[in-house]
Amino acid sequence: MTKISAGSNSYDGDDFVAASRAALVAALYAAGPNEPTLVEQWQTQHLAASVYLRENPHQVTTRASGPTATATKTAIAQLGEESTSRKAFYNLVRKIGDGPEGPPAEARGSVFSRLRRAVFDRREEVESLLLEFFVHTEDVRRAQARWAPRKLTDAYADALFEQLREQARKHYAQAKTGYVLVRTNGERIVAKRGTTLTYVTGPAGELVLHALGRPDHALVLIDRP
């Protein structure tokens, strides 16, 4: 099982992915369909559709054709429109809670290709879905009229921060200054080097939100050059 390093301890990455999935499902259930999210032009059913199709890409090809990005956008819109009723929406959310369905038999390929895909998917799940599920949970929660920051366990916050460390450079690659992310306990991530530096300070979860495109909704302090 993949381990996520957090200081002097190691944690099972799958446990945190499962916890993040459960939190997202709970947030979607609580919000219901046709509610706003932080993602522009997406209501809760569109966000749920995006998560479901992200984990089940074979479902995209059954709904749309053409370049991958275009087909995915079309499939999200279509599935979102199909999920505006409470019954359809909660059924979609239930599927997210159940996890990936796996491709149909005709698309599974050889035993070797399935094994290789399984190994890659497991690594991708730990490295990507942990942050994605966390951010999408906040996309739902923080778009509502009343919300408060979640109190994260130290272990979960450590896992988020370590995964952010792995991905930070990608997210700040186009920034006009250097960026340093400073966790409230003093840990730092140099997200981008530069002669001038912008410092972003906050708890691990808030730094994740800032890095992954939600700077206006992240509870952080910013020290600009």
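The values are calculated or read from the model by the stated rules, or taken from the named source; none is laboratory data. Just so it is clear, the structure is predicted and the values come from calculations on it, not from any experiment. For neighbour counting, all protein chains shown are included, and Cβ atoms are generated from backbone atoms with ideal geometry for every residue, glycine included.
Given the conditions (1) in contact with a Gly (Cβ under 8 Å, 6 or more places away or on another chain); (2) closer than 14 Å to Arg141 by Cβ; (3) among the small types (Gly, Ala, Ser), and given that Ala27 satisfies all but one, which numbered condition is not satisfied?
(1)
Within region 55-66, does at least one residue satisfy the condition of being crowded, with 16+ Cβ neighbours inside 10 Å and under 18 Å from Val135 (Cα atoms)? Give the steps one after another, and end with the answer.
Applying the first criterion (crowded, with 16+ Cβ neighbours inside 10 Å) to region 55-66 yields 55-56, 59-60, 63-64.
Okay, now just the ones that are also under 18 Å from Val135 (Cα atoms), so 55.
Yes; the residues of region 55-66 include at least one that is crowded, with 16+ Cβ neighbours inside 10 Å and under 18 Å from Val135 (Cα atoms).
Being over 17 Å from the mean Cα position of the chain (by Cα) and under 28 Å from Trp147 (Cα atoms) is true for just one of Leu212, Leu164, Leu197, Leu219. Which residue is that?
The match here is Leu219.
Kindly establish whether Val180 is in contact with a helix residue (DSSP H, G or I) (Cβ under 8 Å, 6 or more places away or on another chain) and among the β-branched types (Val, Ile, Thr).
Spelling it out, it is not the case that Val180 is in contact with a helix residue (DSSP H, G or I) (Cβ under 8 Å, 6 or more places away or on another chain) and among the β-branched types (Val, Ile, Thr).
Take Thr196 and decide whether it is among the hydroxyl-bearing types (Ser, Thr, Tyr) and farther than 18 Å from Glu162 by Cβ.
Judged against the criteria, Thr196 is a match.
Could you check Ala30 against (1) over 30 Å from Tyr156 (Cβ atoms); (2) touching a helix residue (DSSP H, G or I) at 6+ places or on another chain (Cβ under 9 Å); (3) modelled with pLDDT of 95 or more; (4) surrounded by fewer than 15 Cβ atoms within 10 Å (Cβ to Cβ) and say which number it fails?
Ala30 satisfies all of (1) over 30 Å from Tyr156 (Cβ atoms); (2) touching a helix residue (DSSP H, G or I) at 6+ places or on another chain (Cβ under 9 Å); (3) modelled with pLDDT of 95 or more; (4) surrounded by fewer than 15 Cβ atoms within 10 Å (Cβ to Cβ) except (1).
Take the residues in region 194-216 that are in contact with a helix residue (DSSP H, G or I) (Cβ under 9 Å, 6 or more places away or on another chain) and over 20 Å from Leu129 (Cα atoms), then tell me which one is surrounded by the most Cβ atoms within 10 Å (Cβ to Cβ).
Per the stated criteria, the residue is Val200.
Limited to region 122-149, what total is found for residues that are outside any helix (DSSP H, G or I) and at pLDDT below 95?
Number satisfying all stated conditions: 6.
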